[in-house]
1. Using only the alpha-carbon atoms, what does the stretch 247-319 span along each of its principal axes? Please give whole angstrom values in decreasing order.
2. Taking the Cα centre of the stretch 126-169 as origin and charging only Cβ (+1 Lys, Arg; -1 Asp, Glu), how large is the dipole, in debye to the nearest 20?
3. For Gln291 and Glu54, what is the calculated FRET efficiency with R₀ set at 51 Å and r taken between the beta-carbons, to the nearest 0.05?
4. Can you list the equivalent-ellipsoid semi-axes of the stretch 226-349, largest first and in whole Å, using the square root of 5 times each Cα gyration tensor eigenvalue?
5. Between Lys351 and Asn242, what is the FRET efficiency for a Förster distance of 22 Å, r being their Cβ-Cβ separation, to the nearest 0.05?
6. Near Glu249, within a Cβ-to-Cβ distance under 13 Å, what is the net charge of the other residues, with Lys and Arg +1 and Asp and Glu -1?
7. Helix-only estimate, please: 222 nm mean residue ellipticity of the chain, summing -39500 (n - 2.57) across DSSP H runs of length 4 or more and dividing by its residues, to the nearest 500.
8. State the antiparallel share, in %, of DSSP beta bridges confined to the chain, rounding to the nearest 5.
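Every number here is computed from the coordinates shown, using simple stated rules; none is lab data. It should be emphasised that the depicted structure is a prediction, and the values quoted were computed from it without experimental measurement. Quick reminder, even Gly has a Cβ in these numbers, built from the backbone with ideal geometry, and neighbours come from all protein chains shown.
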Amino acid sequence: MEQHSQNINKVLVRPLRMEDYKQLSQSFKRVYSDGSDVFWTREQIEKLLDIFPEGQVVTVVDNKIVGCALSIIVDYDRVKNDHTYADVTGNETFNTHNPKGNILYGIEVFVHPEYRGLRLARRMYEYRKELCESLNLKAIMFGGRIPNYHKYADSMRPKEYIDKVRKKEIYDPVLTFQLSNDFHVRKVMTNYLPNDEESKHFATLLQWDNIYYQPKPEVIATKSTVRVGLVQWQMRPYKSLNDVFEQVEFFVDAVSDYKSDFILFPEYFNAPLMAKFNDKSESQAIRELAQYTDEMRERFVKLAISYNINIITGSMPQIREDGLYNVGFLCRRDGSYETYEKIHITPDEAKSWGLTGGKRVQTFTTDCAKIGILICYDVEFPELSRIMADQGMQILFVPYLTDTQNAYSRVKVCAHARAIENECFVVIAGSVGNLPRVHNMDIQYAQSGVFTPCDFAFPTDGMRAEATPNTEMILVSDVDLDLLNELHTYGSVRNLRDRRHDLYEVRLKKKN
């Protein structure tokens with residue numbers, strides 16, 4: 001590490017003042033590998049001091065300004081996903097500063113080259129942390145360069161590089177410092193700084209969380225319109241779980257960009273990982289696949305938090321003491337999760353894999369709707385969704401996997417029937433393509449969609465949205481919960497209200 005050789009008597013971190021600009025302009029210059037440079041103008045510094053004076057500080061060593069840290073306040077929704085430096089700073093006009101926001105966003109940290117190696121930047125970061133706490137902001141965030149990445153870009157992806165820096169197998173002058181200063185990497189962004197050739201146009205979105213943050217109390221209006229996103233998943237070979245989740249995160253990122261409340265993945269979407277176990281029997285291969293389930297759940301929970309979206313994970317095998325089950329997870333955006341199970345096992349699942357049927361029939365409360373989840377074959381049993389309707393279900397999600405068009409038609413027609421008879425929305429998502437190297441998973445057929453009841457307030461055919469058959473894609477659609485409330489009371493027919501409880505009932509049996 002470079003060491004400063006001069007004697008130092010006093011180091012001070014204090015607020016930036018306009019009279020500091022002359023010294024600042026002489027020492028500050030950001031130079032890129034392509035030869036271009038950037039420096040702050042007097043007008044820009046004046047603007048920052050006018051809109052957010054406490055966010056701008058300098059480091060002074062023996063009356064000489066040798067470093068500065070500049071920041072603004074923005075709202076979390078502006079910076080939680082991909083963005084560029086130009087976006088977040090309003091092309092360096094700082095019109096994006098929002099005093100009512102909840103994120104302290106760092107736009108610059110600089111230390112004069114002759115004074116590096118003295119941990120002066122750490123002092124300015126400590127100031128930022130104290131400011132974040134005193135202003136009751138949720139976190140500090142900013143885009144961080146990875147200037148040593150160009151040395152490794154030919155041999156590894158940015159995520160691998162970041163992981164090796166985290167493990168201290170590679171040193172990066174920026175990222176290593178940020179990680180040691182209690183920041184964590186939320187995601188990788190592209191084209192954050194267009195001139196940054198050293199980072200190969202990549203940047204890390206870094207975050208430090210204020211553990212003392214107290215959300216401001218506010219009146220939350222009941223959400224009427226819910227946006228759902230469906231993933232029509234293409235089956236393709238994957239070498240590792242990391243490869244699978246690179247594709248998963250791509251879809252989560254894409255759907256969350258549309259401000260969706262939910263994203264639904266299909267049943268057994270991780271089946272391509274069984275290819276490496278093709279030398280084993282079908283029942284052994286599915287149990288090998290089950291070894292990934294716990295880690296997949298943990299990764300989905302992190303994605304739900306990171307992208308602020310409720311994730312319905314499709315389904316995957318899970319080994320328990322009493323057997324092998326087909327399960328999925330509702331991963332809420334607040335970090336909590338719950339498990340749902342496939343109740344009815346198809347004859348092929350029982351014969352080829354030895355699966356056991358689940359025992360949980362329940363609805364789930366989320367931040368925008370009461371939902372139910374049925375895996376594939378389960379939607380063909382109307383009793384399950386009727387029980388959920390009695391529990392207040394508003395949206396039924398159905399992850400499925402069907403090999404032929406007639407199998408898909410069973411799921412589709414039954415899903416549509418569930419929407420009519422239970423006066424709810426039904427959302428289905430399946431996989432397409434083929435897996436020639438995975439036994440019992442040869443071909444897939446799917447056409448994902450969103451179904452509604454059939455009444456005047458809804459589409460005449462009960463189809464809210466439908467994907468292109470057998471094509472990898474996402475489908476995003478809005479459903480209006482207020483329309484369900486009107487239907488229950490004023491519908492042309494009222495399937496729930498008009499049931500003859502004096503003659504029949506559908507209920508769960510008490511557990512032994």
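1. 43, 18, 15
2. Details: 11 positive and 7 negative charges, 30 e Å.
For this selection, approximately 140 debye.
3. Values: r = 51 Å, r/R0 = 1.01.
The pair Gln291/Glu54 has a calculated efficiency of 0.50.
4. Details: eigenvalues 125, 52, 32 Å².
Semi-axis lengths for the stretch 226-349 are 25, 16, 13 Å.
5. Details: r = 33 Å, r/R0 = 1.48.
So, using R0 = 22 Å, E works out to roughly 0.10.
6. Values: positive: Arg157, Lys159, Arg186, Lys187, Arg299, Lys302; negative: Asp82, Asp243, Glu246, Asp253, Asp257.
Net charge in that neighbourhood comes out at +1.
7. Details: 13 runs with 133 residues, N = 512.
That calculation yields -7500 deg cm²/dmol at 222 nm.
8. Working: 63 of 85 bridges.
In the chain, DSSP labels about 75 percent of beta bridges as antiparallel.
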